[in-house]
Amino acid sequence: MELLPRSPGEFGSARYWDRFFRQRGKRPFEWYGAFPELCPVLHKYVRPRDKVLVVGCGNSELSEQMYDVGMCEDIVNIDISDAVIRQMQERSGSKRPKMSYLLMDMLQMDFPDAHFQVVLDKGTLDALLTDEEEATLAKVDQMFAEISRVLQVGGRYLCVSLAQAHVLKKAVEYFSQEGWVVRVHQVASSGDKQQFVLPVFVYVMTKFRKISGSAPQILEICPEEQDKPMRMESVERLVAAVKDRQHYALLCSQLSKTPCKEQVSLDLCDKESGKPRYTLHVVDSPSVKPSRDNHFAIFIIPQGRETEWLFGTEEGRRQLATSAGFGRLVTVALHREQHYEGMAGIQVELSGKVMELAPPGLPARQQVPFLSVGGDIGVRTVRHRDTSALSGEYVVEDVKGDGTCYFRRLIFLCNRNVVQSEARLLSPTALPGQKKRRKEKKKPSSSEPPAAIDRSYLCCEHHKAMVAGLCLLGGPDPLPALLAVLVVGLGGGSLPLFIHDYFSQARVAVVEIDPSMLEVATRWFGFSQGDRMQVHISDGLDYVAKLAAEGIFLQNIYDAIMFDVDSKDLTVGMSCPPPAFVEKPFLQKVKTILKPEGVFVLNLVCRDARLKESVLATLREVFPLLYTRRIEGEVNEILFCQPSPEGRQDPTELGARARALEGALRQPGRPWDSSYVLADMLQAVRIL
């Protein structure tokens, strides 16, 4: 039996609906939204004494159910189909004496002005607004005008809809421009995802007298899990918020039916502020053999550790899921702007929501475990927050790592999952030159990070590799008597500080374009200037170009030049360095100010394979000798460039120089990170 129209326009035809209801018979037809689901919303806006108009009633049971539960009785139902009106009059007649069914076109209603307190529409607007043709939009405007006419001031137009973007936008724009208050409710799902995937919404448009002039629009959304509405600043933002919820419903439906081949990422936002509160990644492990107890688990990432390889990369999360032994693992990252009431509070908050992401085949009433590292949610203390004209908003925060170690980090919030700079903090008992007291009056809190910076520790693996590259410097002595180093990019200052402290004869010049970063490094990362350490606030491009142009007497002045500078342009597939730093004319200027036996060290972070090959080809054109060192588990690749092919060293010779240099750097009374072995840093170096 063919019940669908030949074209969308037939949805507005009385002839089509007569044929539809005759062929369907007396079985009630509900487009979507069962009464138990709609009831909580309807109860808020329909009072027992209200006079209610239902437009396009069809043979839905909604009016009858509202009448039977005592929600209201004075209900007038209209429809353009004579067949369905006669059917409903027969079905409901004597049972519900105060309710009536009338044959009437909602575009031309016979009711007087301000006759109803409520107009209820269940799917009628969706059926009418099938396209955005001029004739269709004119009918919708006529429908809205008639609804507005028959509603009293303070009355409510309740529209049950699937909220297609063009339908929602049209309704919200029309009534908000008329000065009405617009609120969109998401209807709580019955849980039967097989029956209907898309969420159902109720637009609640409350009529107010139109005020002359420009009155502020009041636009709100009420998600299904909360009663308190969220204010939206524009029609576009409201439509986008509804679209987010539709995408989420489709995603949950997909995840409940089939395993996901690729990792799925989504944000859960705070109810009050609308800002992201949790970032979830859904990871399926096909290699895990399913049993009753290993279908599904939730892993809470401790605060501050979301940037680690195991939690912050697809490969790391895949390894985590496999080692945890669950078919589906949802990792949960916590946001720094939010407050959390411990693991138990997070579990209560997330339990209902994460179950919507459960895998197919999860046994009924299966208890889903919440996992973490060490059983707690970690420690994150924001020490400083500010905005730089060049780098944007940034934070300095202390986080707890494995065991009792704390780390201080600089994060640019435009790229919040990347640690810009990091330093290990010294525990109070490890402060240099501090004697132990016989009796401590007060033990420091285990959750309170220490404040002193451990200058002997390089947190970043790429910094360790960059320092190890100094082994490539020529000369008989592993530790040069004099060493001139140029570092472009200050960050927290860990790299130039380490070179300054351990190479006692080194003179370090640092170029940093952002003056805010010098303040951050000095105040929060223990950085300081002196006779052997000078910072120049300048664009690295300009600084190098100026040195190269100052004549032959200033040429070949640096033993080592190091670039560790990030790109502010996130649209380029290379986040370090900015593209201008690896263009051939500029690289030739770098070569000009580098000694013939010197080394140019570049931190390259490039996800675009073709762009990376182009960068390497340009470097080879300028520097005859090029070594590379990949950083395991990261995108970083450290490039060691030398201006003369005569400085080439085989791996055995390079390892011997590394061991000799490390021996020279390890001095009695000077702390050294035992895990930092220069020779290991250079084992994976290869010549390009």
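The values are calculated or read from the model by the stated rules, or taken from the named source; none is laboratory data. Since the structure is predicted, the reported quantities are computational estimates derived from the model, not experimental observations. Positions of Cβ are backbone-derived with ideal geometry, glycine not excepted, and every protein chain shown enters the neighbour counts. The accessibility values were calculated without ligands, DNA or RNA, using every heavy atom of the protein model including side chains. Shrake-Rupley method; radii C 1.70, N 1.55, O 1.52, S 1.80 Å.
The table below lists the values:
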item: Whole-percent carbon and sulfur share, accessible surface of the chain, 1.4 Å; result: 51 percent
item: Only Lys, Arg (+1) and Asp, Glu (-1) charged, at Cβ; the range 258-371 dipole about Cα centre in debye; result: 340 debye
item: The range 382-425 - accessible surface per residue (Å², probe 1.4 Å); result: 43 Å²
item: Neighbour-limited loop hits for GluC sites (Glu not before Pro), the range 110-193 (at most 16 other Cβ within 10 Å; DSSP other than H, G, I, E, B); result: GLU132, GLU133, GLU178
item: Nearby aspartates and glutamates by direct alpha-carbon distance to LYS546 (threshold 16 angstrom, same-chain neighbours under 8 apart not counted); result: GLU512
item: Fully extended contour minus Cα-Cα distance, from LYS139 to MET343, at 0.36 nm per residue; result: 68.0 nm
item: Restraint check, LYS169/LYS275; LYS243/LYS568; LYS228/LYS353, Cα-Cα greater than 20 Å; result: LYS169/LYS275; LYS243/LYS568
item: Dimensions in Å of the chain - Rg and Dmax from alpha carbons; result: 34.1, 109
item: Mean accessible surface per residue for the range 236-331, computed with a 1.4 Å probe while every protein chain stays in place, in Å²; result: 48 Å²
item: Rg/Rg_ref, the range 346-405, where Rg_ref = 2.2 N^0.38 Å and atoms are Cα; result: 1.77
item: For VAL511, net neighbour charge (Lys/Arg +1, Asp/Glu -1) across residues whose Cβ lies under 12 Å away; result: -4
item: Burial ranking of peptide ranges 109-115, 244-250 (average Cβ count within 10 Å, highest at the top); result: 244-250, 109-115
item: Isotropically averaged projected area of the range 382-425, using the convex hull of Cα atoms (one quarter of hull area), nm²; result: 3.1 nm²
item: Residues of the range 144-162 with amide N under 14 Å of a point placed 7 Å along Cα→Cβ from LEU198; result: 160-162
item: Intensity falloff of the range 258-371 expressed as log10 I(q)/I(0), Debye formula with alpha-carbon point scatterers, at q = 0.22, 0.24 Å⁻¹; result: -1.32, -1.51
item: Accessible area of GLU393 in the full protein assembly, 1.4 Å probe (Å², nearest 10); result: 80 Å²
item: Sites TRP672 and ALA481 - FRET efficiency at Förster radius 25 Å, r taken between beta-carbons, to 0.05; result: 0.75
